[in-house]
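Here's the structure, in structure tokens; my notes come after.
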Amino acid sequence: MEPILELRGLRKSFDGHEVLRGVDLEVRQGEVIVVLGPSGCGKSTLLRCLNGLEPADFGTFRFHGRELTGRGVPWREIRQKIGMVFQRYELFPHLNVLDNILLGPLKVQRRSREEAQAQAERLLERVGLSAKKHAFPRQLSGGQQQRIAIVRALCMNPEVMLFDEVTAALDPEMVKEVLEVMLGLARQGMTMVIVTHEMGFARAVADRVVFMDAGIIAEEGDPAVFFTKPQTERAQRFLDQFLTIESWRG
Ligand code: ADP
Ligand code: MG
């Protein structure tokens, strides 16, 4: 089966500093890929390249086998197929929950309010937030806002969802409710690329782990293998840090 997204030899520099130094990645239908790696290794840049927010300096980017380079690429349409959720939920403070969710479906996709709102309400129910549809972001907890941000992305009917450390800014008691929503999506077959530092979750959700170090994919494979017997010393050291922290949590 042809991958949905395919990166080949991706390179990206900022101010002469090469942040991605030749990355190859394929994302297939229904696959859940977890991207791990130390801070600054290029994970966020990789995700931004994956939905075309960040133009690569070198390399190719294919979407359903079609190479996306040069002029005339319908980025607007393609980006609608690739949903992204960030660490900061970025809901519009002056819009209530429903209006935040419906902005894209109505303004960008030009769908009817009736149809889009029905979908929004189904999605809100799925994440347990039906009662909040008229609330404003400031009236919601961080975990609730992040679940709304996920619903907002889902309501565009993306083929792939990208998640960039979406629980990193949350208080610990809210992390679980967001991870559960993501786990539910994975179980329903959503194609996902997830950057996270939640190792237990990563292990539970991943079909494939991609470990990045200093702008390259240092190691890639089955989570059962990666988490028990990583192949590289760098990955071993990375995992050891998390084991130490988890043992403190006890
Ligand atoms: P990660 O998400 O793994 O922490 P990032 O992809 O955010 O890593 O960043 C990798 C490196 O690229 C860092 O050194 C960061 O400072 C740099 N970087 C990322 N985005 C930009 C940008 N827009 N301008 C300049 N430097 C950037
Ligand atoms: Mg990052």
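The values are calculated or read from the model by the stated rules, or taken from the named source; none is laboratory data. What you are looking at is a predicted structure, and each value in this text was computed from that prediction instead of being measured. Cβ: placed from backbone, ideal geometry, glycine included. Neighbour counts: every protein chain shown.
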- Out of curiosity, is residue 210 more than 28 Å from residue 144 (Cα to Cα) and within 14 Å of the chain's Cα centre (by Cα)? yes
- Filtered residues of segment 23-36 (kept if of a type outside the set (Asp, Glu) and surrounded by 15 or more Cβ atoms within 10 Å (Cβ to Cβ)): 23, 25, 27, 28, 32, 33, 34, 35, 36
- Task: Within segment 230-250, work out how many residues are outside any loop (DSSP other than H, G, I, E, B) and either among the aliphatic types (A, V, I, L, M) or in contact (Cβ under 8 Å) with a residue 12 or more places away in the chain (or both).
- Result: 8
- Item | Scope segment 47-69; condition under 21 Å from residue 84 (Cβ atoms), part of a loop (DSSP other than H, G, I, E, B), away from ligand 1 (no atom under 15 Å from the Cβ) and modelled with pLDDT of 85 or more; matching residues | 64
- Item | Of all residues making up segment 2-22, the number that are farther than 26 Å from residue 168 by Cα, more than 17 Å from the chain's Cα centre (by Cα) and surrounded by 19 or more Cβ atoms within 10 Å (Cβ to Cβ) | 1
- Output the residues belonging to segment 70-95 that are assigned to a helix (DSSP H, G or I) and either within 16 Å of ligand 1 (Cβ to nearest atom) or free of Cβ contacts under 8 Å to residues at least 60 places away in the same chain (or both). 75, 76, 77, 78, 79
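Would you mention how many residues in segment 143-197 are of a type in the set (Asp, Glu), under 26 Å from residue 38 (Cβ atoms) and modelled with pLDDT of 95 or more?
So the count comes out to 2.
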- Message: Just to be sure before I move on: is residue 2 out of contact with any helix residue (DSSP H, G or I) (no Cβ under 7 Å at 6 or more places or on another chain) and part of a strand (DSSP E or B) in the structure I sent?
- Response: no
- Item | Residues satisfying the stated conditions in segment 20-48, i.e. over 16 Å from residue 161 (Cβ atoms) and away from ligand 2 (no atom under 11 Å from the Cβ) | 20, 21, 22, 23, 24, 26, 36
- Note on the structure: Counted residues in segment 60-85 being surrounded by fewer than 19 Cβ atoms within 10 Å (Cβ to Cβ) and either on the phi > 0 side of the Ramachandran plot or of a type in the set (A, V, I, L, M, F, W, C) (or both) come to 8
- Collect the residues in segment 68-120 that are among the polar types (S, T, N, Q) and under 20 Å from the mean Cα position of the chain (by Cα), keeping them in residue-number order. 80, 87, 100
- Give, as residue ranges, the helices (runs of 4 or more DSSP H) completely inside segment 148-229 that count at least 3 residues that are within 16 Å of ligand 2 (Cβ to nearest atom) and touching a Cys at 6+ places or on another chain (Cβ under 7 Å). none
